[in-house]
Amino acid sequence: MDNLRTFASLRGRLTFILIMLVLSACALVAGIALSVVEQEGRDSIGSQQFSLLSAAAEHLAADIDNKRMLLRTLAEGVVGGGVPAREEVQGLLERHAALRSQFDSVVVLDHGGRIVAGVLRKGRPALGEQRYDDRRYFRATLAQRRGVISEPVISKVTGKPLVVITEPVLDAQGRVVYILGGSIRLDHSSFFAKIRNLNPGERGYLFALTADGMILHHPNTARLLRNVRTEAGTPVPATLKALGGWEGWAQATAKNGTPAILTYKRMRGTGWIIGSVYPTEEAFHGIHIARETAWVDTAVVALLAGLAGWYLLRMVLSPLHQLRQAVAEVELGQRGIDAFDFKRDDEIGALARAFHSLSLKRRAAEVELARMAMTDALTGLRNRRSLDEALGAAYERVKRTRSTLAVAFLDIDHFKRINDTWGHETGDLVLQEFARRLTRAVRVTDAVFRLAGDEFVIIFEFADPAQGLDVAAAKVVQAMHAPFVIGGRELSVTTSMGVAAAHWNETDPKRIMAAADEALYEAKGAGRDRYQLRYPPARSLAPGIEAG
């Protein structure tokens, strides 16, 4: 009876209504909050997988670059003192211990595709027993006189799947003497083993495809060298989309029928596609547990009801609110790893650490992308995009010091003739050597840029141009007079250079740039292989500013 009277009282009815309101509010708030957190969690896990896969793809691409550079260095060393005999070539291979660690086998082929020398991880291959002149990579290397990466092939000796990296050995006349070939086994390759520790979760795995769908790497070795378009079973739509050029992650069903996060990243250089399969049951396990736990906590808080219920609700949701706030601050770089409570061993703590790891990786990627956007990929110099910013900063410095700003435009004389005569690959090597000499010829305080093609810019800062601008310009022109040794050939390379200089209050950067461009054309008109100085017309000064 007392309980009935308590319930019938205003206090009881208000308490009951409050409990119902708390229950409804908790259910609504918990549902919205969990939906947002779950979606953010899925996006974060997918983005994290893509970041890890991108790192794996870049690691493999760098490894391919290292292997090609090793073969290229070896090829250059083979003909260092003339074309060697086969015994000398075999001895040279034996002395390069790094070959056995980088390749499953390295062979030297003659023009007929016969093995004249070679090394295996253990032992030597049989010389002359097999011919490889029917291999496309052999014919392509012979025809193009440059290294290639083969399509997946079956070894004639072991019957195992592999890919081959080639590099031609050229004599002094540029003729192919031998062809070096380094093979990488695909069935138990140490090449792909280097990223095996990046397998997602306990049941996830990585795989690799060629650009046309041939399987290079897979935990099921029976699928190697099969094409995903033609093998048994329906191809995964996300895989077909990746073969068309798409990169990213998707929540879909893998070919074995397992719901998973499928992630794809294309490797630079080879065009191979690195992919990963991360079962969603494992990937989202923490999110599912967090959701179930939150609903239980919500029901408990609602049953405790009333004012205490509202208070407890706020406490329950407080960790999630703090977590979201901490994630936002870490992403903005306002706080470090101390923003998260590492004493928590539950799903919230795991989710917090996952967000933190993702933000660190994304920040590093953004820094690298920003650096690449301001750098010329061929020469390593700063590019056109960074020129305006650097020129403005230099102008501000000379205004503060009341000194002189000088800008030089220069290009390579008859560079088109070099490209037309020796090819664009030689032209690129000339540009790289030109950039190296240019960097060495200027002071450490000067800034060097490559605009496009063979066009370069130098920013000089002088207290007085009479004290060294002529000397600096002459030094740059003189630095190019020594022959350029490119591919065993000596090329004569010169430069024409236009230099414009003005005191800080006499002109502005645009006038200096225009004057330097005009001076360059004057140098070309005067016969090239020289520099020409110009002083742009002084701008009118604002009232109250005196010329210094």
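When the Kirkwood hydrodynamic radius is evaluated over all pairs of different C-alpha atoms of region 45-93, what value in angstrom, to one decimal, is obtained? Walk me through the numbers on the way to the answer.
Values: mean 1/r = 0.0748 Å⁻¹.
In region 45-93 this quantity evaluates to 13.4 Å.
Grab the alpha carbons of region 79-185, take their convex hull, and tell me the volume per residue in Å³. The partial results should precede the final answer.
Details: hull volume 10.1 nm³, N = 107.
With only Cα atoms used, region 79-185 gives 94 Å³ per residue.
Modelling each spin label as a point 7 Å along the Cα-to-Cβ direction, I'd like the Q173/D470 distance in nm, to one decimal.
5.0 nm
Work out how much length T234 to A211 would gain on full extension: take 0.36 nm times their residue separation and subtract the Cα-Cα distance, in nm to one decimal. Please report the intermediate quantities before stating the final value.
Details: separation 23, 0.36 × 23 = 8.28 nm, distance 1.85 nm.
Contour length minus Cα-Cα distance gives 6.4 nm.
With N denoting the number of residues in region 384-534, provide Rg(C-alpha) divided by 2.2 N^0.38 Å, to two decimal places. Kindly include the intermediate steps, with their values, before the conclusion.
Values: Rg = 15.4 Å, N = 151, 2.2 N^0.38 = 14.8 Å.
Region 384-534 yields a ratio of 1.04.
Between Q39 and A97, how many nm apart are label points set 7 Å from Cα along the C-beta direction?
In this crude spin-label approximation the distance works out to 5.8 nm.
Percent of Cα-Cα pairs more than 22 Å apart in region 147-222, please.
On the way: 1043 of 2850 pairs.
Percentage above 22 Å: 37.
Please list, in order along region 266-277, the HN-Hα scalar couplings obtained from phi with the Karplus expression 6.51 cos²θ - 1.76 cosθ + 1.60 (θ = phi - 60°), rounded to whole Hz, x for Gly and Pro.
8, 6, 6, x, 8, x, 5, 10, 9, x, 9, 10
For N505, enumerate residues with amide H under 5 Å from its amide H, sequence gap 5+ or separate chain, H modeled in the peptide plane.
G548
Work out from phi, with θ = phi - 60° and the Karplus expression 6.51 cos²θ - 1.76 cosθ + 1.60, the ³J(HN,Hα) of each residue of region 430-447, listed in order in whole Hz, and give x for Gly and Pro.
5, 4, 5, 5, 4, 5, 5, 5, 4, 5, 6, 7, 9, 7, 5, 7, 8, 10
Given Cβ point charges of +1 (Lys, Arg) and -1 (Asp, Glu) and nothing else, what value in debye, to the nearest 20, does the dipole of region 384-534 about its Cα centre take? It would help to have the intermediate numbers written out before the result.
Values: 21 positive and 22 negative charges, 55 e Å.
Charge dipole, region 384-534, about its Cα centre: 260 debye, nearest 20.
Amide H to amide H, which residues 5 or more places from L491 or on other chains are under 5 Å from it, using H placed in the peptide plane?
Result for L491 returns F484, V485, I486.
What FRET efficiency, computed as 1/(1 + (r/R0)^6) with R0 = 22 Å and r the Cβ-Cβ distance, is obtained for E76 and R121, rounded to the nearest 0.05?
Numbers: r = 24 Å, r/R0 = 1.09.
Working from the Cβ atoms, E equals 0.35.
Please give the peptides 279-292, 384-397 ranked by average Cβ packing (other Cβ atoms within 10 Å per residue), highest first, as a rough proxy for protection. Working shown, then result.
On the way: 279-292: 17.2, 384-397: 14.6.
Top of the packing list down: 279-292, 384-397.
What is the packing order of peptides 61-70, 213-222, 514-523, taking the mean over residues of other C-beta atoms within 10 Å and listing the highest first?
Details: 61-70: 16.0, 213-222: 17.5, 514-523: 20.2.
Going from most to least packed, we get 514-523, 213-222, 61-70.
Expected output is a single nm value to one decimal: the length gained when fully extending between R114 and R86, i.e. 0.36 nm times separation in residues minus the C-alpha distance. What is it? Walk me through the numbers on the way to the answer.
On the way: separation 28, 0.36 × 28 = 10.08 nm, distance 1.18 nm.
Working it through step by step, the gained length comes to 8.9 nm.
Suppose R0 equals 35 Å. What FRET efficiency, 1/(1 + (r/R0)^6) with r the Cβ-Cβ distance, do R223 and R139 give to the nearest 0.05? Spell out each step's value before the answer.
On the way: r = 28 Å, r/R0 = 0.81.
With R0 = 35 Å, the Cβ-Cβ based efficiency is 0.80.
Every number in this text was worked out from the coordinates using simple rules, so none of it is lab data. Remember, it's a predicted structure, so these values are computed and weren't measured experimentally. No Cβ is skipped: glycine too gets one built from the backbone with ideal geometry, and neighbour counts run over all protein chains shown.
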